[in-house]
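Data first, discussion second: the structure below is written as structure tokens.
The values are calculated or read from the model by the stated rules, or taken from the named source; none is laboratory data. In this text, all values refer to a predicted model and were calculated from it rather than measured experimentally. Please note: Cβ atoms are built from the backbone with ideal geometry, for glycine as well, and neighbour counts cover all protein chains shown. Protein only, heavy atoms only, side chains kept; ligands, DNA and RNA dropped before computing areas. Shrake-Rupley method; radii C 1.70, N 1.55, O 1.52, S 1.80 Å.
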Amino acid sequence: MAKKILVIDDDPIVVTYLKTLFDDNGYETATAYDGTEAEDIVKKVKPDLITLDLEMPREWGPRFYRNMIKNEELKDIPVIVISGISNPKHAIKKAVAVIRKPFDEAKLLDIVKNTIG
Amino acid sequence: MQDDSENWNILLVDDEQDIREVLSVSLADLGYKVHDAQNGKEAIRIFKEINPPIVLTDIKMPGIDGIELLQEIKRGNPDTEVIMITGHGDMELAIKSLQYEATDFITKPINVDALDIALKRVHDNITLKRKLREYTENLERLIREKTELQDRLSSLGLMIGSISHNVKGLLTGLDGGLYLFNSGFKKQNQAQIKEGFEIVKHVSGRIRKMVLDILFYAKERELKREPVNCLDFANEIADVIEPQIKDRNIVFNRDFDEAPQELEVDADFLRSALINILDNAVDACLEDEGKNTHRITFSIKKVENNTVINISDDGTGMDDDTIENLFKLFFSSKGGKGTGFGLFISDNIIKQHGGTINVNSVKGKGSVFTIKLP
């Protein structure tokens with residue numbers, strides 16, 4: 001069965017971009033435009049991996065993450081941070097990888113493949 | 001010395017007419033324009049009228065004496081050079097006058113050579129003060145220029161810092177559009193090719209706007225006014241905004257006069273100005289958790305001889321503090337997302353067009369921006 005990736009980013013273009021990129025490479029995808037929306041979707045979809053933007057309206061990426069790891073069922077989902085801020089390294093300590101925008105597609109796919117196959 | 005004393009005013013004060021007459025002749029010979037007064041009161045009146053660079057005054061006079069006159073003159077213009085004339089045995093008074101910043105004193109009976117020396121000293125003083133003032137002014141100007149340059153540089157630095165986040169987002173968007181385009185080709189998926197193309201078009205529009213913002217800020221550009229079709233212009237702007245609110249539960253209303261009209265504006269800049277305001281309207285709706293759906297109305301109408309542009313949203317609205325600082329450079333209510341740049345530029349561009357911009361906003365209800373262009 002195809003692995004599921006939840007894409008969380010407030011920029012619809014980035015969401016479309018990542019969704020298409022993952023779809024093309026044989027993953028299933030779900031999307032959310034902010035942390036609040038993502039909280040519902042992550043519970044429903046139970047993704048195998050999450051890509052997370054840090055700065056979003058309403059719920060910030062880091063806060064979404066903190067809430068998520070309180071949930072036993074969700075706390076081990078690997079997270080890849082994809083953000084435009086210049087020093088995103090420490091925002092989410094347990095992130096599998098931190099990628100800065102603009103990013104390299106091949107590199108991102110490599111990380112995804114190494115994480116969930 | 002004589003050359004530059006040509007036509008200099010000198011005020012001569014003495015209660016003795018003989019001395020006034022003799023000195024007037026000597027001073028006129030030296031090239032001065034002499035004004036004389038026989039007492040302190042008259043002297044003050046003339047001083048106020050002609051503000052002479054040099055005053056020559058007797059110390060002992062009935063009524064206002066020389067020392068009082070000296071003080072009065074120094075209060076009126078501290079740069080005035082005052083030479084005191086003293087009688088024999090007035091040494092104490094002479095010294096007192098020096099304490100009150102008289103330049104020099106000469107004793108009666110007046111020796112013309114002594115007068116000449118005293119005047120030379122006065123001239124040196126005046127020239128020196130003048131040079132000093134010039135240097136000081138130059139120095140002040142240099143410091144001012146340096147400070148302005150520093151301000152400019154540091155705000156440019158701030159600006160670059162604040163837009164770099166947006167630039168990264170735009171570059172990612174461009175990558176995204178190109179990826180969709182490319183992968184659409186491979187899959188022969190027409191819809192995706194079209195979507196990729198639309199994204200590239202949209203993002204390049206954004207990049208173009210950002211570059212114009214920077215140019216506008218870096219250098220005050222003259223407006224290039226050209227007649228533009230109002231309806232086309234308005235639709236073009238709406239086309240930039242709409243893709244951003246796709247699937248975000250925001251209704252976007254276009255409310256434009258259908259009748260053909262022309263605007264005489266700098267379309268590039270005015271477009272930027274309006275997009276900045278519309279962007280804020282979109283953000284205000286996205287931030288607002290109070291309602292499930294939102295509405296943004298963008299209207300352009302001719303009212304009498306003005307073009308009135310209204311941008312209203314029912315998003316978060318603003319508190320008074322935000323409204324007050326809205327148009328200030330680097331003020332942003334959007335935390336890390338904002339540049340503090342948009343409305344500052346909008347305001348400038350609209351003012352450059354001779355227009356006005358008004359804001360009405362209620363926290364929790366929404367905001368209305370009204371722009372009036374002549």
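What is the average number of partner chain Cβ atoms found within 10 Å of a Cβ in A:31-37?
For this peptide, the per-residue mean of nearby foreign Cβ atoms is 1.
With viscosity set to 1.567 mPa s at 4 °C, what whole-number translational diffusion coefficient in µm²/s follows for the stretch B:1-97 from Stokes-Einstein and a Kirkwood radius over Cα pairs?
97 µm²/s
Using protein chains only (no ligands, no nucleic acids) and a 1.4 Å probe, work out which residues of the stretch B:271-292 have their accessible area cut by at least 10 Å² relative to the chain alone.
So the qualifying set is B:LEU286, B:GLU287, B:GLU289.
Of B:LYS302/B:LYS372; A:LYS70/A:LYS93; A:LYS44/B:LYS291; A:LYS70/A:LYS94; B:LYS96/B:LYS129; A:LYS101/B:LYS186, which ones are farther than 20 Å apart at the Cα? The partial results should precede the final answer.
Working: B:LYS302/B:LYS372 10 Å; A:LYS70/A:LYS93 15 Å; A:LYS44/B:LYS291 23 Å; A:LYS70/A:LYS94 14 Å; B:LYS96/B:LYS129 23 Å; A:LYS101/B:LYS186 25 Å.
From the list (B:LYS302/B:LYS372; A:LYS70/A:LYS93; A:LYS44/B:LYS291; A:LYS70/A:LYS94; B:LYS96/B:LYS129; A:LYS101/B:LYS186), the Cα-Cα distance tops 20 Å for A:LYS44/B:LYS291; B:LYS96/B:LYS129; A:LYS101/B:LYS186.
Mind listing the phi-derived Karplus ³J(HN,Hα) values for the stretch A:96-110, rounded to whole Hz, using 6.51, -1.76 and 1.60 with θ = phi - 60°, and x for any glycine or proline?
Per residue, the Karplus-derived 3J(HN,Hα) values read 5, 7, 10, 10, 9, 6, x, 10, 8, 4, 4, 5, 4, 4, 4 Hz.
In the stretch A:1-28, what residues drop by 10 Å² or more in accessible surface going from the chain by itself to the full protein assembly, probe 1.4 Å?
Hits at the 10 Å² cut-off: A:ASP10, A:ASP11, A:PRO12, A:ILE13, A:VAL14, A:THR16, A:TYR17, A:THR20, A:LEU21, A:ASP24.
If you average 1/r over every pair of different alpha-carbon atoms in the stretch B:233-374 and take one over that average, what Kirkwood value in Å do you get?
Its Kirkwood hydrodynamic radius stands at 15.4 Å.
Calculated FRET efficiency, B:ASN9 and B:ARG208, Cβ-Cβ r, R0 45 Å, to nearest 0.05? Walk me through the numbers on the way to the answer.
Numbers: r = 65 Å, r/R0 = 1.43.
The formula returns an efficiency of 0.10 here.
Can you work out the FRET efficiency for the pair B:VAL362 and B:ASN253, with r the C-beta to C-beta distance and R0 = 22 Å, to the nearest 0.05?
0.70
Give the percent of DSSP beta bridges with both residues in chain B that are antiparallel, rounded to the nearest 5.
Values: 26 of 51 bridges.
About 50 percent, rounded to the nearest 5.
Could you give the nm distance between label points at B:MET91 and B:LYS194, where each point is 7 Å from its Cα heading toward the beta carbon?
My value for the distance between the label points is 11.0 nm.
The stretch A:66-117 to the stretch B:12-45: how many Å between their Cα centroids?
Between the Cα centre of the stretch A:66-117 and that of the stretch B:12-45, the gap is 93 Å.
Largest first, what is the accessible-area ranking of B:VAL240, B:VAL303, B:VAL55 with a 1.4 Å probe?
So, going from the largest accessible area down, we get B:VAL303, B:VAL240, B:VAL55.
Semi-axes of the equivalent ellipsoid of chain A: what are they in whole Å, largest first, if each equals the square root of 5 times a C-alpha gyration tensor eigenvalue?
18, 17, 14
Rounded to whole Å and ordered largest first, report the semi-axes of the equivalent ellipsoid of the stretch B:64-203 derived from its Cα gyration tensor (root of 5λ).
One finds semi-axes of 84, 13, 9 Å for the stretch B:64-203.
What are the semi-axes of the equivalent ellipsoid for chain B, taken as the square roots of 5 times the Cα gyration tensor eigenvalues, largest first, in whole Å?
Working through the eigenvalues yields semi-axes of 77, 22, 19 Å.
Amide H to amide H under 5 Å from B:VAL55: which residues, 5+ apart in sequence or cross-chain, H placed 1.01 Å off N in plane?
Placed amide hydrogens put B:LEU11, B:GLU81, B:VAL82, B:ILE83 under 5 Å from B:VAL55.
How high is the relative contact order of chain B? Use alpha-carbon pairs under 8 Å, at least six apart in sequence, and give a whole percent. Provide the component values of the computation, followed by the final result.
Numbers: 551 pairs, mean separation 34.3, N = 374.
RCO, chain B: 9 percent.
Could you work out the relative contact order of chain A, using alpha carbon pairs under 8 angstrom and six or more residues apart, expressed as a whole percent?
Value for chain A: 22 percent.
For a quick check: with amide H placed at 1.01 Å from N, whose amide H comes under 5 Å from B:VAL265's, ignoring anything fewer than 5 positions away on the same chain?
Counting only residues 5 or more places away or on other chains, the set is B:GLU226, B:VAL228.
Could you tell me how many degrees, from 0 to 90 and to the nearest 10, lie between the Cα long axis of helix B:230-241 and the main elongation axis, the longest principal axis, of the Cα atoms of chain B?
70 degrees
If each of B:ARG225 and B:ARG295 carries a label point 7 Å out from its Cα toward its Cβ, how far apart are those two points in nm?
A separation of 3.6 nm, rounded to one decimal place.
Long-range amide H contacts for B:THR307: which residues qualify at under 5 Å (H placed 1.01 Å from N, peptide plane, sequence gap of 5 or more or a different chain)?
Residues meeting the amide H criterion: B:LEU373.
Take A:VAL98, B:VAL265, B:VAL362 and sort them by solvent-accessible surface of the protein heavy atoms, 1.4 Å probe, largest at the top.
B:VAL362, A:VAL98, B:VAL265
Can you work out the Karplus-derived ³J(HN,Hα) for every residue in the stretch A:6-17? Use 6.51 cos²θ - 1.76 cosθ + 1.60 with θ = phi - 60°, whole Hz, and x for glycine or proline.
Result, rounded to whole Hz: 9, 9, 10, 7, 7, 8, x, 5, 5, 4, 4, 4.
Give me the number: length gained by fully extending B:ILE117 to B:GLU68, i.e. 0.36 nm times residue separation minus the C-alpha to C-alpha distance, one decimal in nm.
Once the chain is fully extended between B:ILE117 and B:GLU68, it gains 15.2 nm.
Beyond 29 Å, how much of the Cα-Cα pair distribution for the protein assembly as shown remains, as a whole percent?
Numbers: 77456 of 120295 pairs.
The answer is 64 percent, as a whole percent.
Could you work out the helix-only [θ] at 222 nm for the protein assembly as shown, with each DSSP H run of four or more residues adding -39,500 (n - 2.57) and the total divided by the number of residues, to the nearest 500 deg cm²/dmol?
It comes out at -17000 deg cm²/dmol, rounded to the nearest 500.
Could you order peptides B:123-133, B:272-282 by the average number of other Cβ atoms within 10 Å of their residues, highest first? Mind dumping the intermediate values first?
Details: B:123-133: 13.0, B:272-282: 23.0.
Sorting B:123-133, B:272-282 by mean packing, highest first, produces B:272-282, B:123-133.
I'd like the antiparallel share, as a percent to the nearest 5, of DSSP beta bridges with both residues in the protein assembly as shown.
Around 40 percent of the beta bridges assigned by DSSP in the protein assembly as shown are antiparallel ones.
Apply the Karplus curve 6.51 cos²θ - 1.76 cosθ + 1.60, θ = phi - 60°, to the phi angles in the stretch B:88-104 and return the couplings in whole Hz, x for Gly and Pro.
Here the 3J(HN,Hα) series is 5, x, 9, 3, 4, 5, 4, 5, 4, 5, 5, 4, 8, 6, 5, 6, 6 Hz.
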